[in-house]
Amino acid sequence: MAGTEENVVIGAGDCTVTLMPALGGKIASLRVGANELLQTPLKSLGPRTRTMDFSESDASGWDECLPSVAGCTIETEAGPATIPDHGDLWRVPWQVLQSSQDSATLRGNCFSLPLQLTRSLILSEAASGWRIELLYSLTNMGAYRVPWAWCAHPLFAVDAGDRITLPEGLNTLRLEGSGCNRIGASGDSLLWPVTRQKDGTNTDLSLVSSLDSGIGDKLFAGPFAPAQSSWCALERARIGLRLTVRFESSLTPYLGLWLCYGGWPANHSDSPGPTQFCVAAEPATAPVDSLQQTGPWSRWLDPGETVNWPMELLIDRIAKSS
């Protein structure tokens with residue numbers, strides 16, 4: 001039955017996924033046994049407004065960023081459109097179109113642009129762990145042509161010493177932003193995995209630092225070639241799991257990487273608060289956060305037009321660290 005209020009829980013073996021239709025269709029929890037694999041809420045879960053910053057929310061779990069990650073104002077055939085921080089969809093109730101023991105389909109509507117996103121999630125158990133298949137369908141519900149950009153926003157919980165791996169041969173990334181310009185300025189090209197910091201020392205970007213390091217970096221990989229392996233893995237030896245995000249490079253040719261080890265939201269001495277400790281591996285349609293920034297990656301949808309794309313998350317058991 002269609003609805004927006006009740007949470008949806010699906011499962012396969014020891015893996016359970018909890019979705020919250022009322023809060024932007026958020027994947028609020030992804031658990032394997034006793035282990036929560038997503039960033040837990042920084043603040044109480046609650047209603048969102050159309051203008052609040054993402055930092056004012058719980059800033060947890062897995063959301064969908066559409067039609068832009070960064071807040072911006074763009075020109076359209078219907079006049080200027082203002083898109084808020086991290087887009088529209090995490091702010092609005094989603095409709096449950098279908099749910100079963102191991103699958104769910106939800107739909108959300110943007111308000112800054114006439115876009116409708118439908119996301120189906122299918123969970124299955126495999127010999128080595130679990131597979132979550134996600135299928136996306138985006139439709140222009142309006143009467144005019146509109147630009148758009150999407151990225152998934154899964155905030156994966158981490159421990160210091162966890163390891164991020166990318167396909168062999170991927171040696172450079174584009175920097176979107178770095179707290180205190182630790183590793184450079186926006187637009188810089190950085191070596192992967194070991195790059196130079198502004199203080200002249202090297203840092204291994206593939207290795208998760210401690211929570212007190214205060215790191216907050218956003219990078220992009222790509223474009224991935226259609227025949228290229230398109231994935232990013234997070235090896236979590238303490239809990240004996242490897243999380244691998246896979247995507248279709250001919251449809252979503254970029255990968256955003258959010259590395260946050262206590263570096264966001266910015267805390268003030270007179271008002272300290274919790275910070276994220278996570279890695280986000282974000283398949284994306286663009287190598288930038290703002291829809292206002294255009295390039296060869298820019299996309300438009302005609303009235304009534306629909307586009308579809310997949311991604312998947314593999315959760316595999318690995319040897320635990322001693």
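A few remarks follow.
- Full extension of the chain segment joining residue 135 with residue 299 gains 57.1 nm, where the gain is 0.36 nm per residue of separation less the Cα-Cα distance.
- Between residue 52 and residue 143, the distance separating the two model label sites (each 7 Å from Cα on the Cα→Cβ line) works out to 3.4 nm.
- Where the Cα pairs of the range 1-134 fall when distances are cut into 10 Å bins, in %: 12, 40, 32, 13, 3, 0
- Viscosity 0.692 mPa s, 37 °C: Kirkwood-radius Stokes-Einstein D of the chain over Cα pairs, µm²/s: 164 µm²/s
- Pairwise centroid distance, computed over Cα atoms, of the range 119-134 with the range 38-98, Å: 26 Å
- Counting only the Cα atoms, the range 218-278 fills a convex hull of 96 Å³ per residue.
- Computed over all pairs of different Cα atoms, the Kirkwood value for the hydrodynamic radius of the range 115-228 is 17.5 Å.
- Contact order for the chain, expressed relative to its length and based on alpha carbon pairs under 8 Å spaced 6+ residues apart, stands at 18 percent.
- Estimated FRET transfer efficiency (residue 102, residue 165; beta-carbon r; R0 25 Å; 0.05): 0.35
Read-outs: derived from the displayed coordinates by stated rules, not from any lab. Because the structure is a prediction, the values reported are computed rather than measured. Using ideal geometry, Cβ is built from the backbone for each residue, glycine included, and neighbour counts are taken over all protein chains shown.
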